[in-house]
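Chemist: Please see the structure below; I have some questions.
Derivation of every value follows stated rules applied to the coordinates shown; laboratory data play no part. Quick caveat, the model's predicted, so the values are computed rather than measured. With ideal geometry, Cβ positions are generated from the backbone for all residues, glycine too; neighbour counts draw on all protein chains shown.
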Amino acid sequence: MSHLRIGELASRTETSVETLRYYESEGLIPEPRRSDAGYRLYTTDDVDRVRFIRRARAMDFSLREVGELLSLQVDREHATCGEVKELAEQKLGAIEIKMAELQKMKLALRQITDACEGGELSAVHCTILNALES
């Protein structure tokens with residue numbers, strides 16, 4: 001089995017070296033074996049694991065939640081699909097709440113932006129600044 005150094009793992013997974021070290025420190029990827037020269041040596045399993053982490057992070061799973069998903073993935077024989085679905089549904093609910101909050105922010109910002117005439121006049125009477133102050 002050929003091994004990859006950290007830069008090669010970073011390149012294959014489109015992840016920074018610093019992020020890989022952070023994932024290792026957080027226990028998301030196992031501490032790799034070291035070469036005689038002290039270089040970290042990763043395997044193709046590590047490539048797959050980092051890609052899994054990146055896909056989960058792209059869906060806004062926190063590092064703690066990614067750790068839970070990884071535990072379920074590693075222990076598939078004992079984990080249930082229901083456990084995985086529950087985590088995904090919790091994340092979906094959190095995203096829906098966040099989207100509703102963002103929609104409210106958008107509407108509020110749209111109102112104060114529409115009320116502003118803009119232009120070159122002094123910002124002393126700016127409706128946007130006044131709305132943010134009150």
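Chemist: In region 24-38, how many are closer than 16 Å to Glu8 by Cα, within 16 Å of the chain's Cα centre (by Cα) and not β-branched (Val, Ile, Thr)?
Modeler: The qualifying residues number 1.
Chemist: Considering every residue within region 24-38, establish whether at least one is under 18 Å from Glu68 (Cα atoms), of a type in the set (A, V, I, L, M) and either surrounded by 13 or more Cβ atoms within 10 Å (Cβ to Cβ) or touching a residue at least 24 places away in the same chain (Cβ under 8 Å) (or both).
Modeler: Within region 24-38, one or more residues are under 18 Å from Glu68 (Cα atoms), of a type in the set (A, V, I, L, M) and either surrounded by 13 or more Cβ atoms within 10 Å (Cβ to Cβ) or touching a residue at least 24 places away in the same chain (Cβ under 8 Å) (or both).
Chemist: Still on this model: How many residues does region 1-19 contain that are surrounded by fewer than 16 Cβ atoms within 10 Å (Cβ to Cβ) and aliphatic (A, V, I, L, M)?
Modeler: 2
Chemist: Applying the selection to region 58-88, what residues are within 23 Å of Thr13 (Cα to Cα), surrounded by 12 or more Cβ atoms within 10 Å (Cβ to Cβ) and charged (D, E, K, R)?
Modeler: Hits for region 58-88 are Asp60, Glu65, Glu68.
Chemist: Ok, one more. Limited to region 97-127, what total is found for residues that are under 30 Å from Asp60 (Cβ atoms) and β-branched (Val, Ile, Thr)?
Modeler: So the answer is 3.
Chemist: While we're on this one: Scanning region 74-95 for residues that are farther than 17 Å from Ala56 by Cα and of a type in the set (Asp, Glu), which turns out farthest from the chain's Cα centre (by Cα)?
Modeler: The qualifying residue farthest from the chain's Cα centre (by Cα) is Glu77.
Chemist: Closer than 30 Å to Ile128 by Cβ, free of Cβ contacts under 8 Å to residues at least 60 places away in the same chain and of a type in the set (Asp, Glu), is that true of Glu96?
Modeler: yes
Chemist: Ser2: in a helix (DSSP H, G or I), of a type in the set (S, T, N, Q) and free of Cβ contacts under 8 Å to residues at least 12 places away in the same chain, yes or no?
Modeler: no
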